[in-house]
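Inspection log for the structure reproduced underneath, given as C-alpha cells.
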Amino acid sequence: MIEFRSDDNVFYIKVLGKIEEGDFENNIREAAEDAIVEYGKIRGILVDASDFEGWEDFPALLEHIGFIRELDDSVYRVAIIGDQTWQKLIPPIAGLFLEPLIKRFDPGHAADAEDWVKCW
C-alpha cells in the first residue's frame with residue numbers, strides 16, 4: 001500500500017508493506033500528470049521505503065516499473081529512505097538507466113532527504 005501527498009511540486013510517497021496493483025494508478029498518476037503539465041517536471045520525489053516488503057504480485061511489479069519508466073525524464077531528483085542492502089544498490093544501478101538524480105538516505109534522516117530532494 002502507498003500513502004501519497006504532494007506539496008510545492010514535491011511528491012511524498014510512503015510504502016507500507018507490499019505495493020499492490022493500482023497503487024500508482026489510483027494514488028499518484030493523475031497528480032504526476034498534472035504536475036508535469038503545470039511545471040514541466042516534478043521537482044522531486046521522496047520515497048520512504050523503510051517498511052517496504054515487496055510487491056503483492058507480478059502485475060503490481062509491472063505497474064511499478066511502468067510508472068518509473070513513464071516518469072524517467074520528468075523528475076529532477078528522487079530520494080529513497082531505507083536501509084535494506086538492496087536499497088543501498090538502487091542509486092548506482094538506477095543512475096545508469098534513469099535520468100533523475102537518485103540518492104538513498106538511512107531511516108531517521110528524512111529531513112536531510114527532503115532538503116536534498118528540494119535542492120535545485
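The values are calculated or read from the model by the stated rules, or taken from the named source; none is laboratory data. Not measured: the values here are computed from a predicted model. We place every Cβ from the backbone using ideal geometry, glycine too, and count neighbours over all the protein chains shown. SASA here: full protein model, heavy atoms, side chains in, ligands and nucleic acids out. Shrake-Rupley method; radii C 1.70, N 1.55, O 1.52, S 1.80 Å.
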_Going residue by residue through the range 44-51, is there one that turns out to be closer than 14 Å to Phe4 by Cβ and among the β-branched types (Val, Ile, Thr)?_
yes
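Which of the following residues is within 16 Å of Val15 (Cα to Cα), of a type in the set (D, E, K, R) and either open to solvent by 90 Å² or more (accessible area, probe 1.4 Å) or in contact with a helix residue (DSSP H, G or I) (Cβ under 9 Å, 6 or more places away or on another chain) (or both): Glu38, Glu53?
Details: Glu38 fails: within 16 Å of Val15 (Cα to Cα).
Glu53 is the lone residue from the list that is within 16 Å of Val15 (Cα to Cα), of a type in the set (D, E, K, R) and either open to solvent by 90 Å² or more (accessible area, probe 1.4 Å) or in contact with a helix residue (DSSP H, G or I) (Cβ under 9 Å, 6 or more places away or on another chain) (or both).
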*Is one or more of the residues making up the range 94-116 among the aliphatic types (A, V, I, L, M), open to solvent by less than 30 Å² (accessible area, probe 1.4 Å) and in contact with a Pro (Cβ under 7 Å, 6 or more places away or on another chain)?*
no
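Could you tell me whether Ile68 is among the hydrophobic types (A, V, I, L, M, F, W, C) and open to solvent by 30 Å² or more (accessible area, probe 1.4 Å)?
Numbers: among the hydrophobic types (A, V, I, L, M, F, W, C): yes; open to solvent by 30 Å² or more (accessible area, probe 1.4 Å): yes.
Judged against the criteria, Ile68 is a match.
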